[in-house]
Amino acid sequence: RRSFARGGRTAAYVSAGCYVLASLIFILITKELLGPEDKGAAAGSSALQNLGAFFRFVHDRWPYDLIISVLFSVGILALIPLGISLRELAGRRTLRNDLMAATLTAGAVLGAASQMLILAGRDLVAHEGVCACKNALLEMASLNASRIGIEEYGGKWLGLAFFVLVGIGVYLASLDAGRWLSFDSRWVQLGMVVAGLYLVGVVASLFGMQGLFELVVGIGGGILAPAWAFWLGKQLPVGDSVGSGAVSAAP
């Protein structure tokens, strides 16, 4: 049980740290305080020239997109050992804590896959930014636009599945840890808020409310979820305080 407590604590800190760092880099890039400047469409330029400028911008931004996606993926995948550790620390296996570990694992795999799929689509554009072949821009637009669209769209649906599954997993983890490990009730409530924001974000995306989706996911995923994970790590037992788990019956 000490190893599960230690592993869960490490996973919680890794997840929180990667989320915060990736979110910070993303904000800095969005505000153009880091990375290349997005000059947008130039006045009097043709659609093809603007497409070329877009390719060059994506090419210049590619290293930052790679770093962000890797950090998010590591933070997401850290939910797998975190869920397993919480299940084992509960002291007994129940359907609910098995479901908690399963949804966090499945959600983490789909979330990391969505990051890689979106990154693959951007990789195509990034490589085009340095292509000097004849009619490269026109060929790229006609031959690869559909492929990029599929990867971006596929990444979106994988991401929505991630929010649903991890939202359920966070909800169940908060309930279980609050009951079996006697964690702070305020932390349990924070987990409910994170889960609720994730599910609201999914509904907003499905109904085309992109602004609301970005707001609730940004607050939930960029601020509250890392806070929930870090607080979880601080509450996990250390050393001799690792007991044999709760003994009360599950509902």
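The values are calculated or read from the model by the stated rules, or taken from the named source; none is laboratory data. Predicted model only: the values in this text are computed from it and were never measured. Cβ coordinates were reconstructed from backbone atoms using ideal geometry, including for glycine residues, and neighbour counts include every protein chain displayed. With ligands, DNA and RNA removed, areas are computed over all heavy atoms of the protein, side chains included. Shrake-Rupley method; radii C 1.70, N 1.55, O 1.52, S 1.80 Å.
Do the conditions hold for Leu160, that is, is it over 13 Å from the mean Cα position of the chain (by Cα) and touching a residue at least 24 places away in the same chain (Cβ under 8 Å)? Spelling it out, it is not the case that Leu160 is over 13 Å from the mean Cα position of the chain (by Cα) and touching a residue at least 24 places away in the same chain (Cβ under 8 Å). Looking only at segment 195-217, which residues are of a type outside the set (Ser, Thr, Tyr) and touching a residue at least 24 places away in the same chain (Cβ under 8 Å)? Listed by number, the residues that qualify are Ala195, Gly196, Leu197, Leu199, Gly201, Val202, Leu206, Val217.
If the condition is being in a helix (DSSP H, G or I) and open to solvent by 80 Å² or more (accessible area, probe 1.4 Å), then segment 1-12 contributes Arg2, Arg6. Listed conditions (1) more than 25 Å from Gln115 (Cβ to Cβ); (2) surrounded by 15 or more Cβ atoms within 10 Å (Cβ to Cβ); (3) modelled with pLDDT under 90 are all met by Leu48, apart from (2).
Only a single item in (1) at pLDDT 90 or above; (2) of a type outside the set (Val, Ile, Thr); (3) open to solvent by less than 30 Å² (accessible area, probe 1.4 Å); (4) within 20 Å of Val14 (Cα to Cα) is not met by Tyr198, and it is number (4).
The residues listed here are Ala132, Ala145, Ala102, Ala120; of these, the one that is at pLDDT 95 or above and either more than 27 Å from the chain's Cα centre (by Cα) or surrounded by fewer than 18 Cβ atoms within 10 Å (Cβ to Cβ) (or both) is Ala102. Scanning segment 171-187 for residues that are free of Cβ contacts under 8 Å to residues at least 60 places away in the same chain and either crowded, with 24+ Cβ neighbours inside 10 Å or among the aliphatic types (A, V, I, L, M) (or both) returns a single hit, Ser174. Of all the numbered requirements in (1) modelled with pLDDT under 95; (2) part of a helix (DSSP H, G or I), Ser248 misses one, and that requirement is (2).
Under the condition of being of a type in the set (Ser, Thr, Tyr) and more than 18 Å from Pro81 (Cβ to Cβ), which residue from segment 164-189 is modelled with the lowest pLDDT? Within segment 164-189, the match that is modelled with the lowest pLDDT is Ser182.
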